[in-house]
1. Hey, can you tell me all the residues within region 20-52 that are open to solvent by less than 60 Å² (accessible area, probe 1.4 Å) and β-branched (Val, Ile, Thr)?
2. For region 82-115, give me each residue that is within 25 Å of Gly65 (Cα to Cα) and of a type in the set (Asp, Glu).
3. Taking only region 71-93 into account, find how many residues are within 14 Å of Ala23 (Cβ to Cβ) and of a type outside the set (Lys, Arg).
4. If Ala74 passes every condition in (1) more than 26 Å from Gln3 (Cβ to Cβ); (2) part of a loop (DSSP other than H, G, I, E, B) but one, which one does it miss?
5. Within region 58-87, work out how many residues are of a type outside the set (Lys, Arg), exposed (fewer than 14 other Cβ atoms within 10 Å of the Cβ) and farther than 16 Å from Val12 by Cβ.
6. Can you name the residue in region 100-115 that is open to solvent by less than 40 Å² (accessible area, probe 1.4 Å) and among the β-branched types (Val, Ile, Thr) and, of all such residues, is farthest from the chain's Cα centre (by Cα)?
7. Scan region 80-98 residue by residue and report those that are under 20 Å from Arg45 (Cβ atoms) and assigned to a strand (DSSP E or B).
8. So which residues in region 5-17 are part of a strand (DSSP E or B) and either of a type in the set (Lys, Arg) or surrounded by fewer than 19 Cβ atoms within 10 Å (Cβ to Cβ) (or both)?
Amino acid sequence: QVQLVESGGGLVQPGGSLTLSCAASGIIFSNNNMGWYRRAPGKQRELVARITSGGTTAYIDSVKGRFSISRDNAKNTVYLQMNSLKPEDTAVYYCYRYLFPFESWGQGTQVTVSS
């Protein structure tokens with residue numbers, strides 16, 4: 001059974017930082033492409049960052065230069081380092097894995113950026 005468990009969300013002031021972690025089990029982690037989605041209230045879900053099994057990364061424009069995705073295959077964990085956070089980054093963040101044709105989602109972790 002595939003499980004993706006996120007942690008690290010919370011309340012942070014604008015300009016602050018958070019690191020999200022996602023621990024995976026039930027898969028051969030190193031073979032999987034991983035990503036982080038977010039869904040803000042009243043908005044569509046968007047793919048914030050992704051990292052391939054080979055380590056290639058990609059980001060949406062609104063987080064480039066502020067967010068960094070990484071993976072530790074020895075720990076079966078993917079991370080999202082978020083710096084210079086803005087109120088518009090407030091959302092539920094979901095860990096995601098995909099290895100065609102399979103995909104799985106975590107339960108989500110809330111990130112709130114507010115003073």
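The values are calculated or read from the model by the stated rules, or taken from the named source; none is laboratory data. What you are looking at is a predicted structure, and each value in this text was computed from that prediction instead of being measured. Note that each Cβ is placed from the backbone with ideal geometry, even for glycine, and that neighbours are counted across all protein chains shown. Accessible surface is based on the protein model in full, side chains and every heavy atom, while ligands, DNA and RNA are left aside. Shrake-Rupley method; radii C 1.70, N 1.55, O 1.52, S 1.80 Å.
1. Ile27, Val48, Ile51, Thr52
2. Glu88, Asp89
3. Applying the first criterion (within 14 Å of Ala23 (Cβ to Cβ)) to region 71-93 yields 71-80.
Right, trim to of a type outside the set (Lys, Arg) and you get 72-74, 76-80.
Summing the residues that are within 14 Å of Ala23 (Cβ to Cβ) and of a type outside the set (Lys, Arg) in region 71-93 gives 8.
4. Result: Ala74 passes all but (1).
5. Going through region 58-87 one residue at a time, the tally reaches 7.
6. Taking region 100-115 first, the residues open to solvent by less than 40 Å² (accessible area, probe 1.4 Å) are 104, 106, 108-109, 111, 113.
Narrowing the set further to residues that are among the β-branched types (Val, Ile, Thr) leaves 109, 111, 113.
Numbers: Thr109: 9, Val111: 11, Val113: 16 Å.
Applying the filter and picking the extreme gives Val113.
7. First, pick out the residues of region 80-98 that are under 20 Å from Arg45 (Cβ atoms): 80, 82, 85-98.
Hits for region 80-98 are Leu80, Met82, Ala91, Val92, Tyr93, Tyr94, Cys95, Tyr96, Arg97, Tyr98.
8. Within region 5-17, the subset part of a strand (DSSP E or B) is 5-7, 10-12.
Scanning region 5-17 gives Val5, Ser7, Gly10, Leu11, Val12.
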